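Structure, as structure tokens:
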Amino acid sequence: MAADDATPVSSPLTACLQESPIRPATEIGRACRYGDLVPVIEARELTKVYGDLRAVDAISFEVAPGESFGLLGPNGAGKSTTMRMIGGTSLRTSGTLLVNGLDPEIHGPEVRASLGVVPQTDNLDTELRVRDNLIMYGRYFGLPYSYLRPKAEELLEFAQLTEKATEKVDNLSGGMKRRLTIARALVNEPAVLLLDEPTTGLDPQARHILWDRLFRLKEEGVTLIVTTHFMDEAEQLCDRLIVMDHGSIVAEGSPAALIRQYSTREVLELRFGSDRNAALVDQLRGYADSIEALPDRVLLYTGDGEAALAHVRADGLDPVTSLVRRSSLEDVFLRLTGRSLID
Ligand SMILES: Nc1ncnc2c1ncn2[C@@H]1O[C@H](COP(=O)(O)OP(=O)(O)O)[C@@H](O)[C@H]1O
Ligand SMILES: [Mg+2]
């Protein structure tokens, strides 16, 4: 299927490719990015089995063009496996999957050309300097130097790496490597960017720089598909998400809708000291809609945390520390699975 009825917006890439014998790398992706209503991803009963393990177990979801879509779940939930099937680097066991209307197992090259892929582990070429990583990656797509030279400068600027252009990759910090990997994934101007755990292992400052770069892409209309086990990342980046556990989807919606549906407005966190938290759970039940006991604290789910705290204190229970906060996706996950996202 070609993007025949959608005129690609003119860019240096499309301009130079018109003169080139190779097929426009982003033709299919751009059809979606500029108004065609084909879902970017349509997964139906998508399944991947490794031996006895159902790593991805009959999941169904759709991603709309321009949406920022998240797969949130703990390690082992099946997020990376799903991403690899979308990217066409892993064959599915069963189910159907369309990426920009095409099956990645049949139209691998077209699908790969329409996507930017940021794998969970950086796979930059350490033999090459920073700028050359961008240029050589573009060469794999068959893009000409006349396009790639200015594009590399633009992407270095985007990734805030202009001053590192001639450095060795090994000299970059973790955050810089991640930004370079993202910049590299953008070399073919993909309409869809797959980001597998974009900020895992980064310090808070590096994460915020990266989130800022991703916001910019979202503003430009790039569809972001992000996996993460960080609820704050999912809340920051995702318009809508699926919560995955053991290969299945356990909930789906916007962060706000999931919190409304599965949690209370507020959470009162109480610490009574590690030896007393569990012992007090039964006594605390009456103060909240529901309760979760973690090793280090007890969570009381309630519409009004301060009121619950006042009751607890009035009855002579004296926590060592108390905190009232709004519910988060972490609470949603805890409610759905009885486990914390980060073990
Ligand atoms: N190539 C593989 N062979 C066998 N098992 C795998 C393979 N890749 C992943 N798995 C298993 O599939 C499950 C899901 O893995 P993965 O998709 O990497 O989860 P996530 O990215 O959510 O942490 C895990 O139990 C993992 O050990
Ligand atoms: Mg993973």
One residue from Phe61, Phe69 being modelled with pLDDT of 95 or more, assigned by TED's automatic domain parsing to the domain that holds Pro190 and farther than 28 Å from Tyr140 by Cα: Phe61
Every residue from the stretch 190-228 that is within 16 Å of ligand 1 (Cβ to nearest atom) and crowded, with 21+ Cβ neighbours inside 10 Å: Leu194, Leu195, Asp196, Glu197, Pro198, Thr199, Ile225, Val226, Thr227, Thr228
Pairs with Cβ under 6 Å, 6+ apart, first in the stretch 44-56 and farther than 21 Å from Val99 by Cα, second within 12 Å of ligand 1 (Cβ to nearest atom): Arg54/Gly247
Residues satisfying the stated conditions in the stretch 256-279, i.e. under 18 Å from Val312 (Cβ atoms) and without any contact (Cβ under 8 Å) to a residue 24 or more places away in the chain: Arg276, Asn277, Ala278, Ala279
The stretch 141-186, residues that are in a loop (DSSP other than H, G, I, E, B), buried (at least 20 other Cβ atoms within 10 Å of the Cβ) and without any contact (Cβ under 8 Å) to a residue 60 or more places away in the chain: Ala159, Leu161
Criterion violated by Glu67 - all others in (1) within 12 Å of ligand 1 (Cβ to nearest atom); (2) touching a strand residue (DSSP E or B) at 6+ places or on another chain (Cβ under 9 Å); (3) of a type in the set (D, E, K, R) satisfied: (1)
Conditions (1) under 19 Å from Val192 (Cα atoms); (2) in contact with a helix residue (DSSP H, G or I) (Cβ under 9 Å, 6 or more places away or on another chain); (3) modelled with pLDDT of 95 or more: number failed by Cys32: (3)
Identity of the residue in the stretch 70-80, within 13 Å of the chain's Cα centre (by Cα) and surrounded by fewer than 22 Cβ atoms within 10 Å (Cβ to Cβ), that ends up nearest to ligand 1 (Cβ to nearest atom): Ser80
Hey, Asn100 within 24 Å of Gln160 (Cβ to Cβ) and assigned by TED's automatic domain parsing to the domain that holds Thr200 or not: no
Elements of type strands (runs of 3 or more DSSP E) contained in the stretch 244-297, each with 2 or more residues being within 19 Å of Leu341 (Cβ to Cβ) and among the hydrophobic types (A, V, I, L, M, F, W, C): 248-253, 290-293
Subset of the stretch 81-94 (residues that are surrounded by 15 or more Cβ atoms within 10 Å (Cβ to Cβ) and away from ligand 1 (no atom under 15 Å from the Cβ)): Gly88
Listing of strands (runs of 3 or more DSSP E) fully contained in the stretch 41-128 that carry 1 or more residues being within 16 Å of ligand 2 (Cβ to nearest atom): 41-50, 53-63, 68-72, 115-118
Odd one out for Gly76 among (1) in contact (Cβ under 8 Å) with a residue 24 or more places away in the chain; (2) under 20 Å from Lys218 (Cα atoms): (2)
Flag if Val222 is of a type in the set (Val, Ile, Thr) and closer than 17 Å to Pro119 by Cα: no
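The values are calculated or read from the model by the stated rules, or taken from the named source; none is laboratory data. Quick caveat, the model's predicted, so the values are computed rather than measured. Positions of Cβ are generated from backbone atoms using ideal geometry, with glycine treated the same way; all protein chains shown enter the neighbour counts.
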